[in-house]
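The values are calculated or read from the model by the stated rules, or taken from the named source; none is laboratory data. Here the structure is a predicted model, which means the values were calculated and not measured. FYI the Cβ positions are ideal-geometry reconstructions off the backbone, even for glycines, and counts take in every protein chain you see. Ligands, DNA and RNA are stripped out before the accessible areas are found, and what is left, the full protein with its side chains, is counted by its heavy atoms. Shrake-Rupley method; radii C 1.70, N 1.55, O 1.52, S 1.80 Å.
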Amino acid sequence: MRVENSFIAVDGVGERTERSLWADGVRHWDDFDPDHLGEKTGRAVEAYIGDARDRLAAGDADFFAETLPDGELWRTYENFAEDACFFDIETTGLDAATNDVTTVSFHRDGETTTLVRGDDLTAGNVRAELDDAALLVSFNGKRFDAPFLEASFDLDVTTPHLDLMYPCKRLDLTGGLKAIEAELGLDREGVEGVDGREAVRLWRRYERENDEAALDRLVEYNRYDAVNLRALAERVTAGLHERAFPTE
C-alpha cells in the first residue's frame, strides 16, 4: 500500500468509509470525486488530497505522521522506504540512567553504518544519521532505542518513527525480534547464538581485554538487527496491505 491509497487521514473518514470507497473503485487519490461522499466530507477529502500531493512531492513524511491515525504510519512505508533509516542499539543494560549505549547500527539505502562507543559513537554522528532520514524504522524502538539515545546523547528524536513491533502484533507475529525473524525465515549467519545478554558479555570482554574478535562479533550481531529490519518491514507492510486493501 502507498499513502495515495489512503483516505483515513481525513476527519470524518473512518475505516468503514475508507473500505466503502475502495469497494466502489476509489482506490487512489486520482479516483476520488467529492460526490463519492457527503458534501462536507467530500470537500475535506478533496482539500486533504491537494495538500497531501504537495507534501508527498516534497518528501514530507512528518505531514503524514501527523495526519494519519495512530498505528497507520505503515501506509507510508512504500513511499519513503528508499529514504528510511533502519536502526538498532546495543547497551550494557536496560536503564539509560545507569547504563551505556555500546553500538548503534543504521541501515539505509543498502548501506550499513555501525557506531562504536569510545570511537565514533558521538551525539553528532547519531544525530546526523537520524535527522537525515525521512522515516525511522525500528523494533520496539519507540519504547527503548529512541528514548535511550535521547537520554544518553541529549537528543530529541523527532523524525517520523515506524516501530514494527506494533504492526507485527496485528499480524499475530509476537515475541522478540529474533523469534519473529525465525518464524519468517530471516537468517543471522554466523551470529545465530548471540542474544541481548551475550551482546553485553561481548562488550565487557572487549572493554576488559581489548578483545577485537568480541567487538567484531557484537558489531556483526547489531548490524543484523538493523539490516533484517528492512526485510521485516517489507513482509509486515505487505501483510497488512493484503489484509486491509481489497483485491482488484
Can you give me the relative contact order of the stretch 48-183 as a percent, contacts being Cα pairs under 8 Å and 6 or more apart?
22 percent
Return the long-range amide H neighbours of LEU136 (sequence gap of 5 or more, or a different chain), with a cut-off of under 5 Å between placed amide H atoms.
CYS85, HIS161, LEU162
How far is helix 39-57 tilted, in degrees, relative to the longest principal axis of the Cα atoms in the chain, given as a value from 0 to 90 rounded to the nearest 10?
40 degrees
Please express the Cα-Cα pair-distance distribution P(r) of the stretch 1-122 as a list of whole percents, one per 5 Å bin, running from 0 to the bin with the greatest distance.
2, 10, 17, 17, 12, 10, 9, 7, 7, 6, 4, 1, 0
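Can you give me the relative contact order of the chain as a percent, contacts being Cα pairs under 8 Å and 6 or more apart?
Averaging sequence separation for qualifying contacts and normalising by length gives 20 percent for the chain.
Once fully extended, how much extra length lies between THR174 and GLU189, figured as 0.36 nm per residue of separation less the alpha-carbon to alpha-carbon distance? Spell out each step's value before the answer.
On the way: separation 15, 0.36 × 15 = 5.40 nm, distance 2.23 nm.
Gain on stretching THR174 to GLU189: 3.2 nm.
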Going from the alpha-carbon gyration tensor of the chain, what semi-axes, largest first and in whole Å, does one get by taking the root of 5 times each eigenvalue?
39, 19, 13
Among PRO147, ALA58, GLY185, which residue has its Cα positioned farthest towards the positive end of the charge dipole of the chain, with +1 placed on the Cβ of Lys and Arg, -1 on the Cβ of Asp and Glu, and the dipole taken about the Cα centre?
GLY185
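What percentage of the solvent-accessible surface of the chain, computed with a 1.4 Å probe over protein heavy atoms, is contributed by carbon and sulfur atoms?
Values: 5200 of 12310 Å².
Carbon and sulfur atoms account for 42 percent of the accessible area of the chain.
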Please find, in a Gaussian network model of the chain (springs between Cα atoms separated by less than 10 Å), the residue of LEU68, LEU37, LEU130 whose mean-square fluctuation is greatest.
LEU37
Can you tell me the accessible area per residue over the stretch 43-189, all protein chains present, probe 1.4 angstrom, in square angstrom?
46 Å²
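Please compute the net charge surrounding SER20, taking Lys and Arg as +1 and Asp and Glu as -1 over other residues with Cβ under 15 Å from its Cβ. Walk me through the numbers on the way to the answer.
Values: positive: ARG16, ARG19, ARG27; negative: GLU15, GLU18, ASP24, ASP31, ASP33, ASP35.
Overall, the nearby charge balance is -3.
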Residues whose built amide H sits under 5 Å from the amide H of ASP88, excluding neighbours closer than 5 in sequence, are SER105
Overall form of the stretch 108-204 per C-alpha gyration tensor (a/c, 1.5; a/b vs b/c)
oblate
Per residue of the stretch 77-94, in order, report the coupling 6.51 cos²θ - 1.76 cosθ + 1.60 (Karplus, θ = phi - 60°) as ³J(HN,Hα) in whole Hz, putting x for Gly and Pro.
4, 4, 5, 10, 4, 6, 10, 8, 10, 8, 9, 7, 10, 10, 9, 8, x, 9
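Sum -39500 (n - 2.57) across every DSSP H segment of at least 4 residues in the chain, then divide by the residue count to get the 222 nm mean residue ellipticity, nearest 500.
Details: 10 runs with 117 residues, N = 248.
Dividing the helical sum by the residues of the chain leaves -14500 deg cm²/dmol.
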Rounded, prolate or oblate: pick one for the stretch 166-248, where a ≥ b ≥ c are the square roots of the eigenvalues of its C-alpha gyration tensor, a/c under 1.5 means rounded, and failing that, prolate if a/b is larger than b/c, else oblate.
prolate
Out of GLU192, GLU234, GLU18, a Gaussian network model of the chain with alpha-carbon springs under 10 Å gives the largest mean-square fluctuation to GLU192
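If contacts are Cα pairs under 8 angstrom and at least 6 residues apart, what is the relative contact order of the stretch 75-149 in percent?
Numbers: 96 pairs, mean separation 26.8, N = 75.
Computed over the stretch 75-149, the figure is 36 percent.
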If ligands, DNA and RNA are left out, what is the accessible area of GLU189 with a 1.4 Å probe, given in Å² to the nearest 10?
140 Å²
Whole-Hz ³J(HN,Hα) from phi, Karplus 6.51 cos²θ - 1.76 cosθ + 1.60, for the stretch 148-164, glycine and proline x
5, 5, 4, 5, 6, 10, 6, 10, 10, 7, 10, 4, x, 10, 9, 8, 6
Please compute the length gained on full extension between ARG19 and ASN210, using 0.36 nm multiplied by the number of residues separating them and subtracting their Cα-Cα distance.
62.9 nm
Would any residue of the stretch 77-115 have its amide N under 13 Å from a label point 7 Å out along Cα→Cβ of ALA151? List them or say none.
91-101
